[in-house]
Structures are given as structure tokens and as C-alpha cells.
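No value in this document is a laboratory result; all are computed from the given coordinates. Since this is a predicted model, take the numbers as computed values, not measurements. Glycine gets a Cβ as well: all are built from the backbone with ideal geometry, and neighbour counts include every protein chain shown.
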Amino acid sequence: MNSFVVGDPRLCIGCKACIIACAKAHREKGKDKEYDHPFHPRLSLVETPGITIPVQCRHCEDSPCAQVCPVNAIIQKGNHIDVIDELCVGCKSCVLACPFGAISVTERPALGAGFRLEIHGGEDSCEKQIFRVEKCDLCGDDEDPACIKVCPASALRLVRGEQLEEKKMSRRKLSAKRL
């Protein structure tokens, strides 16, 4: 079973430390170094008058995003769902399929450098922009994702597959005792 990060809206203070840590972690790992826009967090903060909570990929077991990807760029990798950037064509099908709104589209101008899009019937041309998708990857091989490590309110926690199974079994036992 896949691991995922879950936030507690009762604890989140909306400081955005998780967003900054996420972008920084991916920048340092080299995933974003080649692009002109270095700030690409893999989570977003949902803010309402009563609740603030980070939202990111839940690494679904039967991932709707992976099912709709026409080039199989979204795959199971270890204990999480990952995007193979080199395969992604930026079609945005996964963005539409994700029930959590956890996939972002990112412009990658460096990848299209040198390719000019000529507009027929005019003298103008523009540089072709290439888009890719990004989502939480649990910071790859790290013990705990960067967002969890920096949260001053301890509002984020990593739920591992085995923990989920244990919780499910304990609830079943508790339910059986009540009968």
C-alpha cells in the first residue's frame, strides 16, 4: 500500500513553510535546476475563513491520473506514484482526473529553447512553450518528506501503508467488541 502525507486542519497555522520546503527540496535535488522558474512546490495550501490545510497527492492505489495518462508517464515507484518528466507531454488529462486537485501544470521554457512557432499570415513568431505536470513524490527516497520536517505546528504526517492496515484492523476489533 502506498504512503501519503495527510494534514490536520486543526493544527495547520497557514505559515506556508511546507510549500517553501517542498520547492527548496526539489530545487536542491536538481529536478528544477534546469528551468528558469525555480519555485515549483508539489503541494498547495487551501485557505478558507475557518480552515487552512496543505493539499497534495494521496498516491492512490488505483490512481485515476495514471489510468488516463496516454503516454504512461505516471507510474508506481516504490511506495508512491511518480511522474516520468521525460515522457510527459503536458496533455493535462491527469489534472482533470485527480480527485484532490493535487497535480499542477508547469511551463518549462528551457525544454523548448530554440524551437520557434511561426504564425502563418504574420511576421510574428514566438517561442514554443512546453508544459509538464508536477505532483508530490514524497521527496523521493527521503525518510520523511521536506514538508513534514519543517512544519512548526506538526500539522503534517506521513501515513505508511502498514500503518493504515494496522489502523483498519484496530477499528475492526473495536467495532467487533461493541457488538
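Take the Cα of residue 24, step 7 Å toward its Cβ, do the same at residue 75, and the gap between the two points is 3.1 nm. Between residue 167 and residue 105, full extension at 0.36 nm per residue minus the direct alpha carbon distance yields a gain of 18.9 nm.
The relative contact order of the range 1-105 comes to 27 percent, based on Cα pairs under 8 Å that sit 6 or more residues apart.
A simple spin-label model places the labels of residue 84 and residue 96 2.3 nm from each other, with each point 7 Å out along Cα-to-Cβ. Among the listed pairs 135/167; 24/149; 16/135; 16/149; 77/135; 24/77, those with a Cα-Cα distance over 19 Å are 135/167; 24/77. Given R₀ = 35 Å, FRET efficiency for residue 175-residue 129 by Cβ-Cβ distance, to 0.05? E(calc), rounded to 0.05, equals 0.05.
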